[in-house]
Amino acid sequence: MTRIVYVNGDYLPEDAARVSVFDRGFLFADAVYEVTSVLGGRLIDFDGHAARLERSLGELGMPMPMPRDSLLAVHRDLVARNSIEDGLIYLQVTRGAADRDFAYPDADTPQTVVLFTQAKPGLADTPAAREGIRVVSLPDLRWGRRDIKTVQLLYPSMAKMEARARGADDAWMIEDGAVTEGTSNNAYIVKDGRIVTRGLGHEILSGITRAAVLRLAREAQMQIEERPFTLDEARAADEAFVTSASAFVLPVIEIDGAAVGGGTPGPVARRLREIYIDESRRAAL
Ligand code: PLP
(Lines give C-alpha, C1' and ligand atoms only; values in the text may rest on other atoms or scores of the structure.)
Protein backbone atom coordinates (compact mmCIF):
# COMPACT_ATOMS: atom_id res chain seq x y z
CA MET A 1 0.00 0.00 0.00
CA THR A 2 1.41 3.39 -0.97
CA ARG A 3 1.66 5.79 1.93
CA ILE A 4 -0.58 8.84 1.71
CA VAL A 5 0.96 12.07 2.98
CA TYR A 6 -0.51 15.53 3.54
CA VAL A 7 1.06 18.54 1.82
CA ASN A 8 -0.54 21.98 1.93
CA GLY A 9 -4.14 20.83 1.86
CA ASP A 10 -3.72 17.79 -0.43
CA TYR A 11 -3.59 14.09 0.41
CA LEU A 12 -1.10 12.55 -2.02
CA PRO A 13 0.77 9.29 -2.58
CA GLU A 14 4.23 9.88 -1.08
CA ASP A 15 5.93 9.72 -4.51
CA ALA A 16 3.75 12.56 -5.79
CA ALA A 17 4.33 14.89 -2.82
CA ARG A 18 6.51 17.96 -3.49
CA VAL A 19 8.00 20.85 -1.54
CA SER A 20 9.88 23.78 -3.15
CA VAL A 21 13.71 23.83 -3.17
CA PHE A 22 13.30 27.41 -1.88
CA ASP A 23 11.41 26.26 1.20
CA ARG A 24 12.91 27.91 4.29
CA GLY A 25 12.63 24.65 6.19
CA PHE A 26 15.10 23.17 3.68
CA LEU A 27 17.39 26.23 3.42
CA PHE A 28 17.40 27.59 7.01
CA ALA A 29 15.78 24.94 9.23
CA ASP A 30 13.15 27.69 9.59
CA ALA A 31 10.50 25.22 10.67
CA VAL A 32 9.01 23.47 13.67
CA TYR A 33 7.70 19.95 14.08
CA GLU A 34 5.72 17.63 16.31
CA VAL A 35 5.58 13.85 16.62
CA THR A 36 2.37 12.33 17.96
CA SER A 37 1.98 8.65 18.78
CA VAL A 38 -0.90 6.49 17.62
CA LEU A 39 -1.99 3.51 19.73
CA GLY A 40 -4.94 1.38 18.67
CA GLY A 41 -5.67 3.85 15.86
CA ARG A 42 -6.05 6.77 18.27
CA LEU A 43 -3.88 9.83 18.96
CA ILE A 44 -1.91 10.12 22.19
CA ASP A 45 -1.72 13.56 23.87
CA PHE A 46 -2.91 15.42 20.76
CA ASP A 47 -3.87 18.55 22.71
CA GLY A 48 -0.43 18.80 24.30
CA HIS A 49 1.31 18.53 20.94
CA ALA A 50 -1.01 21.10 19.35
CA ALA A 51 -0.41 23.52 22.23
CA ARG A 52 3.38 23.11 21.99
CA LEU A 53 3.22 23.56 18.20
CA GLU A 54 1.42 26.85 18.69
CA ARG A 55 4.01 27.96 21.24
CA SER A 56 7.01 26.97 19.06
CA LEU A 57 5.51 28.80 16.08
CA GLY A 58 4.76 31.84 18.24
CA GLU A 59 8.36 31.99 19.50
CA LEU A 60 9.46 32.21 15.84
CA GLY A 61 6.81 34.77 14.91
CA MET A 62 4.66 32.34 12.94
CA PRO A 63 0.92 31.72 13.31
CA MET A 64 -0.79 28.32 13.50
CA PRO A 65 -1.38 27.22 9.89
CA MET A 66 -4.91 26.07 10.73
CA PRO A 67 -7.19 25.87 13.76
CA ARG A 68 -6.59 23.00 16.20
CA ASP A 69 -9.80 21.24 15.17
CA SER A 70 -8.69 21.17 11.54
CA LEU A 71 -5.26 19.91 12.59
CA LEU A 72 -6.92 17.13 14.55
CA ALA A 73 -9.06 16.26 11.51
CA VAL A 74 -5.94 16.01 9.28
CA HIS A 75 -4.21 13.77 11.85
CA ARG A 76 -7.24 11.49 12.03
CA ASP A 77 -7.63 11.45 8.26
CA LEU A 78 -4.02 10.35 7.80
CA VAL A 79 -4.38 7.62 10.43
CA ALA A 80 -7.47 6.31 8.60
CA ARG A 81 -6.09 6.65 5.06
CA ASN A 82 -2.92 4.75 6.04
CA SER A 83 -4.68 2.22 8.31
CA ILE A 84 -2.33 3.02 11.20
CA GLU A 85 -2.97 0.90 14.30
CA ASP A 86 0.25 1.68 16.15
CA GLY A 87 2.71 4.28 14.90
CA LEU A 88 3.59 7.94 14.66
CA ILE A 89 2.43 11.08 12.90
CA TYR A 90 5.11 13.58 11.97
CA LEU A 91 4.02 17.18 11.39
CA GLN A 92 6.21 19.98 10.08
CA VAL A 93 5.33 23.63 9.53
CA THR A 94 7.80 25.92 7.78
CA ARG A 95 7.83 29.65 7.06
CA GLY A 96 7.24 28.74 3.41
CA ALA A 97 9.13 29.22 0.14
CA ALA A 98 10.79 32.53 -0.73
CA ASP A 99 13.89 33.78 -2.52
CA ARG A 100 16.87 32.93 -0.32
CA ASP A 101 17.46 35.71 2.21
CA PHE A 102 18.35 35.61 5.91
CA ALA A 103 15.55 38.11 6.58
CA TYR A 104 12.12 36.53 6.86
CA PRO A 105 9.85 36.87 3.82
CA ASP A 106 6.59 38.86 3.95
CA ALA A 107 4.20 37.62 6.62
CA ASP A 108 1.65 36.67 3.94
CA THR A 109 4.02 34.05 2.46
CA PRO A 110 2.06 30.77 2.66
CA GLN A 111 3.48 28.37 5.24
CA THR A 112 4.38 24.84 4.19
CA VAL A 113 2.49 22.17 6.11
CA VAL A 114 3.50 18.53 5.79
CA LEU A 115 2.27 15.51 7.72
CA PHE A 116 3.13 11.86 7.26
CA THR A 117 2.63 8.63 9.16
CA GLN A 118 5.09 5.93 10.21
CA ALA A 119 3.60 2.54 11.01
CA LYS A 120 5.21 0.98 14.11
CA PRO A 121 3.45 -2.26 14.93
CA GLY A 122 3.96 -3.17 18.58
CA LEU A 123 5.01 0.40 19.51
CA ALA A 124 3.91 -0.12 23.11
CA ASP A 125 5.97 -3.26 23.62
CA THR A 126 9.46 -2.91 22.19
CA PRO A 127 12.71 -4.71 23.13
CA ALA A 128 14.09 -1.34 24.33
CA ALA A 129 11.17 -1.00 26.74
CA ARG A 130 11.62 -4.53 28.07
CA GLU A 131 15.42 -4.55 28.27
CA GLY A 132 16.29 -0.87 28.73
CA ILE A 133 18.76 1.26 26.79
CA ARG A 134 22.42 2.21 27.15
CA VAL A 135 23.47 5.85 26.98
CA VAL A 136 26.79 7.66 26.73
CA SER A 137 27.45 11.25 27.86
CA LEU A 138 28.42 13.91 25.34
CA PRO A 139 28.74 17.69 25.53
CA ASP A 140 25.54 19.57 24.68
CA LEU A 141 26.55 21.62 21.65
CA ARG A 142 23.04 22.66 20.55
CA TRP A 143 21.79 26.25 20.28
CA GLY A 144 20.32 28.12 23.26
CA ARG A 145 16.59 27.82 22.49
CA ARG A 146 15.99 24.09 22.85
CA ASP A 147 12.51 24.85 24.19
CA ILE A 148 11.46 25.61 20.59
CA LYS A 149 10.90 22.37 18.71
CA THR A 150 12.73 23.29 15.50
CA VAL A 151 13.88 20.88 12.80
CA GLN A 152 17.48 21.97 13.47
CA LEU A 153 18.44 18.45 14.54
CA LEU A 154 21.94 17.95 13.18
CA TYR A 155 23.74 17.89 16.52
CA PRO A 156 21.28 15.40 18.12
CA SER A 157 21.74 13.30 14.99
CA MET A 158 25.54 13.44 15.31
CA ALA A 159 25.27 12.60 19.02
CA LYS A 160 23.08 9.59 18.24
CA MET A 161 25.68 8.35 15.73
CA GLU A 162 28.49 8.83 18.25
CA ALA A 163 26.45 6.85 20.79
CA ARG A 164 26.03 4.04 18.26
CA ALA A 165 29.75 4.11 17.44
CA ARG A 166 30.40 3.56 21.15
CA GLY A 167 28.04 0.60 21.28
CA ALA A 168 25.22 2.50 23.02
CA ASP A 169 21.67 3.40 22.04
CA ASP A 170 21.54 7.11 22.79
CA ALA A 171 23.38 10.04 24.34
CA TRP A 172 22.69 12.18 27.39
CA MET A 173 23.97 15.67 26.79
CA ILE A 174 25.94 17.59 29.40
CA GLU A 175 26.16 21.35 29.94
CA ASP A 176 27.84 23.13 32.86
CA GLY A 177 28.34 19.80 34.59
CA ALA A 178 24.67 18.77 34.48
CA VAL A 179 22.60 16.53 32.21
CA THR A 180 20.28 18.53 29.95
CA GLU A 181 18.37 15.76 28.13
CA GLY A 182 18.70 12.88 25.66
CA THR A 183 19.05 13.44 21.91
CA SER A 184 15.28 13.08 21.48
CA ASN A 185 13.92 12.57 24.99
CA ASN A 186 13.86 13.99 28.51
CA ALA A 187 16.18 12.45 31.12
CA TYR A 188 15.45 11.33 34.70
CA ILE A 189 17.13 9.56 37.59
CA VAL A 190 15.60 7.93 40.66
CA LYS A 191 17.40 8.03 44.02
CA ASP A 192 15.92 6.79 47.32
CA GLY A 193 12.45 6.80 45.76
CA ARG A 194 12.69 10.40 44.48
CA ILE A 195 12.42 11.15 40.78
CA VAL A 196 14.85 13.86 39.66
CA THR A 197 14.58 15.65 36.31
CA ARG A 198 15.76 19.00 35.07
CA GLY A 199 13.29 21.86 35.38
CA LEU A 200 11.91 23.59 32.30
CA GLY A 201 13.76 26.47 30.66
CA HIS A 202 15.49 27.34 27.39
CA GLU A 203 17.96 24.46 27.96
CA ILE A 204 15.53 21.61 27.25
CA LEU A 205 12.39 20.81 25.32
CA SER A 206 9.24 20.84 27.39
CA GLY A 207 8.30 17.21 26.69
CA ILE A 208 4.62 16.44 26.34
CA THR A 209 5.34 12.98 27.74
CA ARG A 210 7.36 14.57 30.56
CA ALA A 211 4.36 16.68 31.60
CA ALA A 212 2.03 13.67 31.56
CA VAL A 213 4.46 11.36 33.37
CA LEU A 214 5.19 13.91 36.12
CA ARG A 215 1.45 14.51 36.60
CA LEU A 216 0.79 10.77 36.86
CA ALA A 217 3.76 10.29 39.19
CA ARG A 218 2.43 13.03 41.49
CA GLU A 219 -1.02 11.44 41.43
CA ALA A 220 0.64 8.16 42.46
CA GLN A 221 2.20 10.01 45.46
CA MET A 222 5.75 9.73 44.07
CA GLN A 223 8.26 12.41 45.12
CA ILE A 224 9.62 14.62 42.33
CA GLU A 225 12.52 17.06 42.30
CA GLU A 226 12.77 19.33 39.26
CA ARG A 227 16.42 20.40 39.24
CA PRO A 228 19.61 19.79 37.24
CA PHE A 229 21.47 16.59 38.12
CA THR A 230 25.10 15.68 37.44
CA LEU A 231 26.57 12.67 35.71
CA ASP A 232 28.01 11.52 39.04
CA GLU A 233 24.52 11.57 40.54
CA ALA A 234 23.23 9.64 37.54
CA ARG A 235 25.95 7.01 37.93
CA ALA A 236 25.08 6.61 41.61
CA ALA A 237 21.32 6.54 41.01
CA ASP A 238 19.06 3.57 41.74
CA GLU A 239 17.41 3.96 38.34
CA ALA A 240 17.43 6.13 35.25
CA PHE A 241 14.95 6.55 32.42
CA VAL A 242 13.89 8.75 29.51
CA THR A 243 10.52 9.86 28.16
CA SER A 244 9.32 10.82 24.68
CA ALA A 245 6.16 10.70 22.62
CA SER A 246 7.52 7.94 20.40
CA ALA A 247 9.06 5.74 23.11
CA PHE A 248 6.87 6.63 26.15
CA VAL A 249 9.03 5.68 29.18
CA LEU A 250 12.29 3.79 28.55
CA PRO A 251 14.55 2.48 31.32
CA VAL A 252 18.24 3.44 31.06
CA ILE A 253 20.38 0.56 32.32
CA GLU A 254 23.88 1.81 31.58
CA ILE A 255 25.65 5.19 31.45
CA ASP A 256 29.10 5.39 29.84
CA GLY A 257 29.50 1.62 30.18
CA ALA A 258 28.65 1.50 33.92
CA ALA A 259 25.47 -0.23 35.09
CA VAL A 260 22.79 1.97 36.67
CA GLY A 261 21.32 0.38 39.82
CA GLY A 262 21.19 -3.35 39.14
CA GLY A 263 21.80 -2.91 35.40
CA THR A 264 18.22 -3.95 34.62
CA PRO A 265 15.01 -1.90 34.21
CA GLY A 266 13.98 -0.51 37.59
CA PRO A 267 10.55 -0.66 39.25
CA VAL A 268 9.82 3.10 39.06
CA ALA A 269 10.46 3.29 35.30
CA ARG A 270 8.46 0.11 34.71
CA ARG A 271 5.53 1.37 36.77
CA LEU A 272 5.52 4.82 35.18
CA ARG A 273 5.59 3.26 31.74
CA GLU A 274 2.61 1.08 32.57
CA ILE A 275 0.62 3.93 34.12
CA TYR A 276 1.45 6.29 31.25
CA ILE A 277 0.46 3.85 28.50
CA ASP A 278 -2.76 2.82 30.29
CA GLU A 279 -3.77 6.42 30.91
CA SER A 280 -2.80 7.50 27.38
CA ARG A 281 -4.86 4.76 25.76
CA ARG A 282 -7.81 5.76 27.92
CA ALA A 283 -7.56 9.46 27.01
CA ALA A 284 -6.58 8.95 23.32
CA LEU A 285 -8.55 10.83 20.65
N1 PLP B 1 13.79 16.45 24.27
C2 PLP B 1 14.12 16.48 22.98
C3 PLP B 1 15.38 17.13 22.57
C4 PLP B 1 13.27 15.88 22.02
O5 PLP B 1 13.60 15.91 20.73
C6 PLP B 1 12.08 15.25 22.46
C7 PLP B 1 11.18 14.62 21.51
O8 PLP B 1 11.38 14.62 20.33
C9 PLP B 1 11.79 15.24 23.82
C10 PLP B 1 12.66 15.86 24.71
C11 PLP B 1 10.56 14.57 24.36
O12 PLP B 1 9.42 15.34 24.06
P13 PLP B 1 8.00 14.64 23.86
O14 PLP B 1 7.71 13.90 25.12
O15 PLP B 1 7.08 15.78 23.66
O16 PLP B 1 8.13 13.74 22.68
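Things to note:
- Residues within segment 145-180 that are under 14 Å from residue 255 (Cβ atoms) and among the acidic types (Asp, Glu), tallied: 2
- Selection within segment 199-222 - of a type in the set (D, E, K, R) and buried (at least 20 other Cβ atoms within 10 Å of the Cβ): 203, 210
- Index of the failed condition, residue 182 passing every other in (1) open to solvent by less than 10 Å² (accessible area, probe 1.4 Å); (2) away from the ligand (no atom under 11 Å from the Cβ); (3) not hydroxyl-bearing (Ser, Thr, Tyr): (2)
- When restricted to residues that are in a strand (DSSP E or B), out of contact with any helix residue (DSSP H, G or I) (no Cβ under 8 Å at 6 or more places or on another chain) and crowded, with 17+ Cβ neighbours inside 10 Å, segment 1-34 contains 3.
- Among the candidates 228, 267, the residue that is surrounded by fewer than 20 Cβ atoms within 10 Å (Cβ to Cβ), within 16 Å of the ligand (Cβ to nearest atom) and either in the same structural domain as residue 198 (by TED's automatic domain parsing) or under 15 Å from residue 174 (Cβ atoms) (or both) is uniquely 228.
- Of all residues assigned to segment 160-174, at least one qualifies as being within 10 Å of the ligand (Cβ to nearest atom) and either among the aliphatic types (A, V, I, L, M) or not assigned by TED's automatic domain parsing to the domain that holds residue 58 (or both).
The values are calculated or read from the model by the stated rules, or taken from the named source; none is laboratory data. Please read all numbers here as calculations on a predicted model, not as lab measurements. Here Cβ is always computed from backbone atoms with ideal geometry, including for glycine, and neighbour counts include all displayed protein chains. For the accessible areas, the whole protein counts, side chains as well, though only heavy atoms, and no ligand, DNA or RNA atoms are used. Shrake-Rupley method; radii C 1.70, N 1.55, O 1.52, S 1.80 Å.
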